[in-house]
1. Being out of contact with any strand residue (DSSP E or B) (no Cβ under 8 Å at 6 or more places or on another chain) and in a helix (DSSP H, G or I): is that true of residue 78 here?
2. State whether the residues of the range 64-82 include one that is surrounded by 18 or more Cβ atoms within 10 Å (Cβ to Cβ), of a type in the set (Ser, Thr, Tyr) and more than 16 Å from the chain's Cα centre (by Cα).
3. Does the range 204-222 include one or more residues that are without any contact (Cβ under 8 Å) to a residue 12 or more places away in the chain, farther than 17 Å from residue 33 by Cβ and outside any helix (DSSP H, G or I)?
4. Residue under question is residue 34, and the condition is that it be at pLDDT 95 or above, outside any loop (DSSP other than H, G, I, E, B), under 15 Å from the mean Cα position of the chain (by Cα) and buried (at least 17 other Cβ atoms within 10 Å of the Cβ); does it hold?
5. Mind checking which residues of the range 163-203 are among the small types (Gly, Ala, Ser) and over 19 Å from the mean Cα position of the chain (by Cα)?
6. Do we have any residue at all in the range 89-107 that's of a type in the set (Val, Ile, Thr) and touching a residue at least 12 places away in the same chain (Cβ under 8 Å)?
7. If you go through the range 91-103 one residue at a time, how many are farther than 18 Å from residue 129 by Cβ and crowded, with 17+ Cβ neighbours inside 10 Å?
Amino acid sequence: MSERVLGVDFSGAAAAGDALWVTEAIPTEDGLDVQRCYRATDEWGRDRETAHAGLVDRITDDDVGTVGLDFPFSLPQALLDAQCSGTWSGFVDWLASGSGPTDPASLSEACRHTAEMATGSRDLRRETDFRRGALCPYTNRTRSMTFYGVRDVLGKLGDDDGTAVVPMQGWDADTLVAEVYPAATFGWLGCYREGYKNVDEPEQRREANISAVESCSVTVGEHRDTYLGNHDALDSLAAVVSAGRLADGARPPAVGPESEGCIYV
């Protein structure tokens, strides 16, 4: 397996490149050493299609070993059973093939209708969402990330034999691709899960989160000011921490059905 670790704060916006940040690090004897931190706009382009295609290309480069992506990888099992033959691969095909929802709004509409018919509740969460304090993967706040992340990133990676989306595709691949959630990572580190993103919120909260990451044997070096000044960049740092733990051999068991996926911290 290659050694470079990527942490990605994802965006499904039309101008996704402006909010999609990547932190790249390499493992050392002392922990993780951050090598690069960049915005997708500066690397690949601003529009969603270009930014996402650039991200896929980077993930499949030979030097990348582990990737943490900040978007929901799957749906609650009740919806997979009703719409996707009960499988995660069926969900990816549902979006990537064009036979299912064609945009985030239609994904949300289909999921809410199906959930209400199946369970009487419109907004369902996966077991891993309950455990990590994450949102339903198809609400207004998450639906764009879920739709475009699964269709444009995971759907494209499915054609690459060198990558495996964990835990659904197993762990035997040159590059492991895992779902992460920066708020959960910061919570695991004992610092601020929220209240650090807006410009009118105290800077010391972002400083506390950076310091907590550093105390976890991560060297941020010259990128500290970038993380201090941009919360999307800071979230990509949290993502690389969780991806780095997987690269270091952590294999926590999935919570709930494997097809629902797992948020790794």
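The values are calculated or read from the model by the stated rules, or taken from the named source; none is laboratory data. The model shown is predicted, which means the values in this text are computed figures rather than measured ones. Ideal geometry is used to build each Cβ from the backbone, glycine not excepted, and the neighbour counts take in all protein chains shown.
1. On the way: out of contact with any strand residue (DSSP E or B) (no Cβ under 8 Å at 6 or more places or on another chain): yes; in a helix (DSSP H, G or I): yes.
Yes; evaluated as a whole, the condition is true for this residue.
2. Checked against the condition, which is being surrounded by 18 or more Cβ atoms within 10 Å (Cβ to Cβ), of a type in the set (Ser, Thr, Tyr) and more than 16 Å from the chain's Cα centre (by Cα), the range 64-82 yields no hits at all.
3. no
4. Details: at pLDDT 95 or above: yes; outside any loop (DSSP other than H, G, I, E, B): yes; under 15 Å from the mean Cα position of the chain (by Cα): no; buried (at least 17 other Cβ atoms within 10 Å of the Cβ): yes.
Taking the combined requirement at face value, the residue does not satisfy it.
5. Residues of the range 163-203 among the small types (Gly, Ala, Ser): 164, 170, 173, 178, 183-184, 187, 190, 195.
Those that are among the small types (Gly, Ala, Ser) and over 19 Å from the mean Cα position of the chain (by Cα): 190, 195.
6. Just the residues of the range 89-107 that are of a type in the set (Val, Ile, Thr), to begin with: 92, 102.
Filter again for touching a residue at least 12 places away in the same chain (Cβ under 8 Å), leaving 92.
Taking every residue of the range 89-107 in turn, at least one turns out to be of a type in the set (Val, Ile, Thr) and touching a residue at least 12 places away in the same chain (Cβ under 8 Å).
7. Of the range 91-103, the ones farther than 18 Å from residue 129 by Cβ are 92-103.
Add one more test, that the residue is crowded, with 17+ Cβ neighbours inside 10 Å, and what stays is 92-96, 100-101.
Final tally of qualifying residues: 7.
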